[in-house]
Amino acid sequence: MDFAIPLNPNAPSPMYRQIYEGLRRKILAGKLAPGQRVPSTRTLSQQLGVSRNTVAQSYAQLLSEGYFQAIVGSGTFVCRQIPDDLSTTSQPKSTPKQLHRSLSIYGESLIDFDPFLPPDPTAPISFRYGRPALDEFPLSIWRQLLSRHCRDNSDILDYNPDLLGHRPLREAIADYLARSRQVNCNPDQIVIVSGSQQAIDLAARILINRGDAVAIEDPGYLGARQAFVAQGAELCPISVDESGIVVEELSKLAPTPIKLLYVTPSHQFPTGAVMSLSRRLELLTWAQSTGAFMIEDDYDSEYRYGEHPIPALKELDKNNAVLYMGTFSKVLFPALRIGYLVLPPNLVQVFCHAKWLVDRQSPLLEQYVLADFIAEGHLERHIRRMRHLYDQRRQVLVKALLYHFDKHINIMGENAGMHLMIQLNLSLNDAEVISKAYQAGIGLTSAAPYYIQSSRQGQFIIGYAELNDTQIKQGVYQLAQFLIG
Ligand SMILES: Cc1ncc(COP(=O)(O)O)c(C=O)c1O
C-alpha cells in the first residue's frame, strides 16, 4: 500500500501537518482502505526521513478526527467509518452529474502536486535561490523604453500576427546567443515563451505520451520533473557527479526507449556541477544512438566565475536533437515572464501551435521593450555588472561559510550561477536545521525534495545574488551560532 507522501521541508506548513494532509487525502481518495492497518510511527518516520515525533503528531491528529482508530495490542488502522462519510469512494458514483465532476488524468496528477515554495520569505535574511539582485535592475531605462512604446506604438494592444513572437526580439536573441553562447541559430527557429517553465511544459505536452520514459537529472529541477509527471511520463532518474549527469547510467537504461532527456549542463540544478566537454560529447553520442530528444535548460549560464565557458550542447549538436531554452528571469527579473526556445526546424510549427492554444502569445509590450533593451546593449551591460557583483558576493559567502563552519561543511558548485550547494556534516535532520535557522532569522532551502532515488539529508541550496555582503556575513554567522554554537 502506498504511504509515500511528498514532503517539502521548505513549505510554510509544518512537517506533521503535511503528513496529516497527505494521509487524509489518501483516505478520502480511497487509496488507503477502511480497516487497513497503517505502519508504526517508527516505520513511517524511517520511510519519510522525519522524526518519529513528527509522525506521532500527525497520527494523533488523525485519531482525534476519527480517520484512524487505535486497537490496543494490534496497532493503528484506517477507520471503517470515515468522518462525515467524506470518502469519495463511499459516495454513490452512478449519477451522471457526479461522473461529470471527475478530473482528467492530468488533473488527478496535480492534486498532490506541491507547488515549489521558496523558504519563508519573512525570514530577515533568506538564502533563497534563483533571485537576482532586483534592486540593481536599471528600472529607469526600462521605464523609458516602456513609455517610448506606449507612446509610439498602437500594435502593442493587439494580437501579434507572428506566432513565433515579436520578430525584432527573436533577432536580438539570435544575435545575443551567437555573441554570448556561440549558439548560431536563425531567428525563425526561436519561439518566445512565458519563461522556461512554459518551454518545459510545452515540450512535455508535445513530446511525451502517457508511459513514455523521460530521463532527468537526480537531483534535478522540480519544475521539470512535475511537468513530465503531469504528462504521464515514467521518470528515469540519472545520478549527477561533479561533471554533470552520468551518461554511463543513461546508457545502461537500454533497451528502455528514452523519449526525452532534461539536462542543465551549464550549471546543474541544484548541485551546480558544470558538465565537462567530454560528458557533453558522450551525451550527444548517446542521443544520436537512441534517437532521444534533449532539453538543454540554460537558465543561468550567463554567470560563470573565472572559468572559460564550455560550449552549449546546442552548439555541438549536429543532429537536431537539442531543444535549447533560456530565460530572462535570472538576468533581468522573474516577473517579466519571457523566455525562449531554440528549436530544431522541424519542431517550430508544432510548438507555435501549442503556444497559441495555451495562451496565444506572451505580452507584446514587454517583447518590444526587451528587443530594444537587448539591441541597445543594456542587457549585456547589466549582465557584466551583475557578474562582477555576484562574483564578489559569492566570494564573501564562501569565505564566511568556511570560516564559521570549518570542518562541518563541504561547498559544491560555486563556480557558476547565482547559488551554490552546501553539505552540512551535523547530527541534525533537514527539518531541524531549517527550524533552527528560522529561529535565527535565516531562510534556508533543503535539497532533499530535489532527489528522487535517495533521501539525502544535510544538503542545502544557498542563493546569494540578492543579498549584500553584510547580510551574507551576518546570515552565515547567525546560522553557525544556532547550528553549531
Ligand atoms: C533550473 C531552472 N529552470 C527553469 C526555471 C524557470 O524559470 P522561469 O522563471 O523562466 O520559468 C528555474 C527557476 O528557478 C530554474 O531554476
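The values are calculated or read from the model by the stated rules, or taken from the named source; none is laboratory data. Values in this document were obtained by computation on a predicted structure and should not be read as measured data. All Cβ positions, even for glycine, are placed from backbone atoms using ideal geometry, and neighbour counts span all protein chains on display. Ligands, DNA and RNA are stripped out before the accessible areas are found, and what is left, the full protein with its side chains, is counted by its heavy atoms. Shrake-Rupley method; radii C 1.70, N 1.55, O 1.52, S 1.80 Å.
Rounded to the nearest whole Hz, the Karplus-based 3J(HN,Hα) values (6.51 cos²θ - 1.76 cosθ + 1.60, θ = phi - 60°) of region 162-168 follow the sequence 8, 5, 6, x, 3, 4, x, with x at glycine and proline. Once backbone amide H atoms are built at 1.01 Å from N, ILE409 has ASN425 as its partners under 5 Å, excluding neighbours fewer than 5 places away on the same chain. The listed residues ILE141, ILE374 rank as ILE141, ILE374 when sorted by accessible area, largest first, using a 1.4 Å probe.
In terms of accessible area, using a 1.4 Å probe and ignoring ligands and nucleic acids, TRP356, TRP142 rank largest first as TRP356, TRP142.
Here the label points at LEU222 and ASP114, each 7 Å from Cα along the C-beta direction, are separated by 0.6 nm in the simple model.
Only DSSP H runs of four or more residues enter the estimate; each adds -39500 (n - 2.57), and after division by the residues of the chain the mean residue ellipticity at 222 nm equals -12500 deg cm²/dmol.
With a 1.4 Å probe rolled over the protein heavy atoms of all chains, the accessible area of GLU108, GLU315 falls in the order GLU108, GLU315, largest first. Residues whose amide H lies under 5 Å from that of GLY443, counting only those 5 or more places away or on a different chain, are ILE125, SER126, PHE127; hydrogens are built 1.01 Å from N in the peptide plane.
The packing ranking of peptides 279-292, 328-341, highest mean first, is 328-341, 279-292, where packing means the average number of other beta carbon atoms within 10 angstrom of each residue.
What separates the Cα centres of region 157-235 and region 371-428 is a distance of 26 Å. Judged by the mean number of other Cβ atoms found within 10 Å, the most tightly packed of the peptides 27-35, 265-273, 392-400, 459-467 leads the ranking 265-273, 459-467, 392-400, 27-35. Remark on CYS236: its backbone amide H falls under 5 Å from those of VAL214, ALA215, ILE216, a criterion applied only to residues 5 or more positions apart or on other chains, H modelled at 1.01 Å from N. Using C-alpha pairs under 8 Å with a sequence gap of at least 6, the mean separation divided by the residue count of the chain gives a relative contact order of 19 percent.
Treat region 234-291 as a sphere of radius equal to its Kirkwood radius over Cα pairs and apply Stokes-Einstein at 20 °C in a medium of 1.002 mPa s; give the translational diffusion coefficient in µm²/s, rounded to a whole number. Estimated diffusion coefficient is 184 µm²/s.
Among beta bridges identified by DSSP and lying wholly in region 155-376, the antiparallel ones come to about 35 percent. Binning the alpha carbon pair distances of the chain at 20 angstrom intervals from zero yields the distribution 21, 51, 26, 2, expressed in whole percent.
Within region 248-363, all pairs of alpha-carbon atoms sorted by distance into 10 Å bins from zero give the percentages 12, 39, 34, 14, 1.
Just report the Cα centroid separation between region 244-274 and region 129-149, whole Å. Here the answer is 35 Å between Cα centres. With respect to the cross-link table entries LYS407/LYS473; LYS31/LYS252; LYS26/LYS436; LYS259/LYS330; LYS259/LYS314; LYS330/LYS355, which display a Cα-Cα separation exceeding 25 Å? Long pairs (Cα-Cα over 25 Å): LYS31/LYS252; LYS26/LYS436; LYS259/LYS330. For ILE411, the solvent-accessible surface computed with a 1.4 Å probe is close to 40 Å², ligands and nucleic acids excluded. Given q = 0.13, 0.20 Å⁻¹, what are the Debye log10 I(q)/I(0) values for region 341-468, with equal point scatterers placed on the Cα positions and solvent ignored? Each listed q corresponds, in turn, to -0.81, -1.10.
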